[in-house]
Amino acid sequence: MNNSENIGKLMHLELAKIESAESCSESEFIIAGAAEAILQSGNRNWIPIIVKETGDYQYEVVSNNFVYAVAKQAQLERAWCIVIDPQPSNIEQAKILTREEIPTVNLSTAAKDTIIAVIKYLVKEHNWKNVKPVEAANQIVESNREQWSDFIPLTKLKCNLTKARLGCIAQVFTLSPPPPPPPPPEAVSVKRASRDEIFDRLNYLSTNKIGGFENIDAEKTADAIFSANKGKWKTLSPISKLECGIDTAKMKIIKTLFSL
């Protein structure tokens, strides 16, 4: 049970009462050297371990796991720790401040200056010599990024953010799930529908960027379908032959809003 009186306190805790769910990836040389530095300075770790209480006099490391590993290497009986309120946001903050985690930015909504700063970080961190942060950010801001469900569209912006780099990008950027489209209009008979009824359904698909329909001209496509001689149609397939931007790949979606 957490003791709220201890939250925020610097405490000299028994190392045997502290556990860590994570191992330290630092080299043995660095850990040993840091342990010797602690021993040479009066057995005191001047950088505290960040812990949360898991029970009566029981603690778990949530940040500064390196200092915990060094304290164990130095065989300290006690280590200086700060007890944290174990809210997920507090733990995340502690990990970011100790650089155990990288802060993330929502690419769906981020301002251009923020995107530039993040891409500059990636360029420096990974030595991306052929990526220009300002040009890449301009391309991103001008895109329909709020509709993205993954980072694949980045690879199509011609700014050298290739598929091989998406793993690095996903470490610093997140995406909000795209909002669901409004309910579709009811299906209508393509033979009996008015021109406005045809347009309304095509405009719904185009406006909500469904199935590639954002690339069609809803006005011209509605004119083409309405003006076609549909008397002998037995299926909707002739729509794909009207040269109005609807190919066979889009016919599956057309069939959800139109019938004969």
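The values are calculated or read from the model by the stated rules, or taken from the named source; none is laboratory data. This structure is a prediction, so every number in the text was calculated from the model and none was measured. Reconstructed Cβ throughout: ideal geometry from the backbone, glycine too, with neighbour counts over all protein chains shown.
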Is there a residue being farther than 17 Å from E92 by Cα, assigned by TED's automatic domain parsing to the domain that holds S89 and at pLDDT below 95 anywhere in segment 14-24? yes
Considering residues that are over 19 Å from R78 (Cα atoms) and outside any loop (DSSP other than H, G, I, E, B), the number found within segment 1-32 is 5
request  = For segment 232-239, indicate whether the set of residues that are assigned by TED's automatic domain parsing to the domain that holds R192, among the small types (G, A, S) and surrounded by 13 or more Cβ atoms within 10 Å (Cβ to Cβ) is non-empty.
outcome  = no
Of (1) touching a strand residue (DSSP E or B) at 6+ places or on another chain (Cβ under 7 Å); (2) within 24 Å of S108 (Cα to Cα), P180 fails just (1)
Scanning segment 92-124 for residues that are more than 28 Å from S149 (Cβ to Cβ) and among the aliphatic types (A, V, I, L, M), the one surrounded by the fewest Cβ atoms within 10 Å (Cβ to Cβ) turns out to be L97
Every listed condition ((1) surrounded by fewer than 17 Cβ atoms within 10 Å (Cβ to Cβ); (2) touching a Lys or Arg at 6+ places or on another chain (Cβ under 9 Å); (3) at pLDDT 95 or above) holds for Y57 save (3)
Here the qualifying pairs (Cβ atoms under 6 Å; residues six or more apart or on different chains; first in segment 35-54 and in the same structural domain as A71 (by TED's automatic domain parsing); second in a strand (DSSP E or B) and acidic (D, E)) come out as K52/E60; T54/E60
The residue that is farthest from S143 (Cα to Cα), considering only those in segment 181-210 that are buried (at least 17 other Cβ atoms within 10 Å of the Cβ) and touching a helix residue (DSSP H, G or I) at 6+ places or on another chain (Cβ under 7 Å), is V190
